[in-house]
Amino acid sequence: MSLTRREALIATAATAATARPAQAAQPVAPYKAACVHTRVIPTITGAGVDAEARAANIDTTIAAIARGAAEIDARLYVFSEFSLQFSSAAASVSHWLETAITIPGPETDRIGKAAQAARAYVAINPVEKIAAFPGRYFLSGVVIGPTGDVLVNYRKLYDLSNKTRPSDILDQWIAKFGPQSLFPVADTEIGRIGAAVALDVNWPEMIRGLAFNGAEIVVNSTASPMTARGYTLPEAPGSVDIRTMVRRVRAFENLMYILTTNLGPMGRDRTAPLAQMLPSEIVDYRGRALATAKDSAEGFLTATIDIEALRTARIATEPLNNLAQLQAEVHRRGYDAAHFARTNAFAKKPINSAEEHQPLFRGDVDALIRRGVIKPPAG
């Protein structure tokens, strides 16, 4: 007997609701996660590098983990970009190298002990130096597990500054760490966790690279002011900043949770007004904001993470399963033939200034024009 279209849709929906993987795993109980605003003391000021500030910021991070364990008992704590090392003035590569840390190292060991005591996963965003690449620093998205071990160490791939990106030294990087180091994901007891740093989320390929490796949760540390040229939309009732919209879309298109933590109060003066920062936010796998910060005051923004619900959505044969419907083979040829921003641009010599990107950027755009991929305005 043939089914009507309506009957077929009902049958498909029933299958989606009851389908389970062939090998059942231990279910992950819903748990609380937190974006953590901490007071950050600048490690780089107009006077130079403050040697004591980094230690103070690490102490603050450890205290926040302990407080979280006592007050909210979250399984996952996500700290902001630059929460360990922060610059309140123009900073050179040498400044950043002076305040950078090695990973693993004494600093991550201390935070790891706090994670152990809290029986929690902790995401931080340190400035890192790597002995194999002298004269360079990296912005790293790090996840430390409840064993105290570093489980994820992702180095920021996007945004033009005087940091080194793995893509700037791509061949050397892959030879040293392997291609899997570009989009690392840890399979943990609370879900598969990957990291992205700040505006990495503007590039869909970046977050999809984590999805390709199974990421269910992306921790996204940032340091974003409320207003930024080109990003802030005209004020209107219910309007949302384009950066917030992008994060919600990334969560929706990849069926993943994204936890974005922005900077808390900055400086030692506790009477100073709070900076106007883009709100921290926890977004679920449907692109829904579960929690949005009202301001950047110290404290915890919490929401419940339901990994089993996410996994049910990812195996469902229904229209909203965007990830499973991705036709990678259709797009592969386009990516194989595409040549946009160059890689290995700073393989021979470390970058010293963000300005060094500009002639390369101009050259990449001009090449796209010559090939007819983009068309310049008339006149």
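Some points to look at:
- Qualifying residue in segment 167-190 (condition: of a type in the set (D, E, K, R), assigned to a helix (DSSP H, G or I), touching a helix residue (DSSP H, G or I) at 6+ places or on another chain (Cβ under 8 Å) and without any contact (Cβ under 8 Å) to a residue 60 or more places away in the chain): no
- Just so you know, in segment 79-94 the residues that are out of contact with any helix residue (DSSP H, G or I) (no Cβ under 8 Å at 6 or more places or on another chain) and surrounded by fewer than 21 Cβ atoms within 10 Å (Cβ to Cβ) include one that is nearest to Phe300 (Cα to Cα), and it is Ser88.
- Restricted to segment 68-108, and to residues there that are outside any strand (DSSP E or B) and of a type in the set (S, T, N, Q), the residue that is nearest to the chain's Cα centre (by Cα) is Ser83.
- Taking residues in segment 244-259 that are on the phi > 0 side of the Ramachandran plot, and partners anywhere that are assigned to a helix (DSSP H, G or I), the pairs with Cβ atoms closer than 6 Å and at least 6 places apart or on different chains are Leu255/Ala313; Leu255/Arg314.
- Residue that is surrounded by the most Cβ atoms within 10 Å (Cβ to Cβ) [pool: residues in segment 212-239 that are touching a residue at least 60 places away in the same chain (Cβ under 8 Å) and hydrophobic (A, V, I, L, M, F, W, C)]: Val219
- Being among the β-branched types (Val, Ile, Thr) and closer than 29 Å to Tyr31 by Cβ is a condition met by at least one residue of segment 261-280.
- Residues located in segment 38-67, provided they are under 23 Å from Ala303 (Cα atoms) and in a helix (DSSP H, G or I): Thr60, Thr61, Ile62, Ala63, Ala64, Ile65, Ala66, Arg67
- Leading residue by the ranking (farthest from Thr188 (Cα to Cα)) among those in segment 83-100 that are among the hydrophobic types (A, V, I, L, M, F, W, C) and touching a strand residue (DSSP E or B) at 6+ places or on another chain (Cβ under 6 Å): Ala89
- Here Ala29 fulfils each of the conditions (1) part of a helix (DSSP H, G or I); (2) modelled with pLDDT of 95 or more; (3) surrounded by fewer than 16 Cβ atoms within 10 Å (Cβ to Cβ) apart from (1).
- Checked against the criterion of being without any contact (Cβ under 8 Å) to a residue 24 or more places away in the chain, touching an Asp or Glu at 6+ places or on another chain (Cβ under 8 Å) and not polar (S, T, N, Q), the candidates Arg311, Arg370, Arg342 yield just one match: Arg342.
- Condition check for Ile242: out of contact with any strand residue (DSSP E or B) (no Cβ under 7 Å at 6 or more places or on another chain), buried (at least 18 other Cβ atoms within 10 Å of the Cβ) and hydrophobic (A, V, I, L, M, F, W, C): no
- Restricting the first member to segment 127-150 and to residues that are farther than 17 Å from Thr99 by Cα, and the second to residues that are of a type in the set (D, E, K, R) and in a loop (DSSP other than H, G, I, E, B), the beta-carbon pairs closer than 7 Å and six or more apart or on different chains are Pro146/Arg119.
- Within segment 109-123, tally of residues that are crowded, with 19+ Cβ neighbours inside 10 Å and either modelled with pLDDT under 95 or outside any helix (DSSP H, G or I) (or both): 4
- Test: Gly264 is surrounded by 21 or more Cβ atoms within 10 Å (Cβ to Cβ), in contact with a Pro (Cβ under 8 Å, 6 or more places away or on another chain) and outside any helix (DSSP H, G or I): no
- Exclusive hit being modelled with pLDDT of 95 or more, over 26 Å from Ile62 (Cα atoms), out of contact with any Gly (no Cβ under 8 Å at 6 or more places or on another chain) and not aromatic (Phe, Trp, Tyr), set Leu139, Leu84, Leu170: Leu170
- Asp295 meets all of the listed conditions (1) free of Cβ contacts under 8 Å to residues at least 12 places away in the same chain; (2) more than 18 Å from the chain's Cα centre (by Cα) but one, namely (1).
- Of the helices (runs of 4 or more DSSP H) lying entirely inside segment 272-379, those carrying at least 2 residues that are surrounded by 11 or more Cβ atoms within 10 Å (Cβ to Cβ) are 307-315, 357-370.
The values are calculated or read from the model by the stated rules, or taken from the named source; none is laboratory data. What you are looking at is a predicted structure, and each value in this text was computed from that prediction instead of being measured. Neighbour counts run over all protein chains shown; Cβ positions are idealised from the backbone, glycine included.
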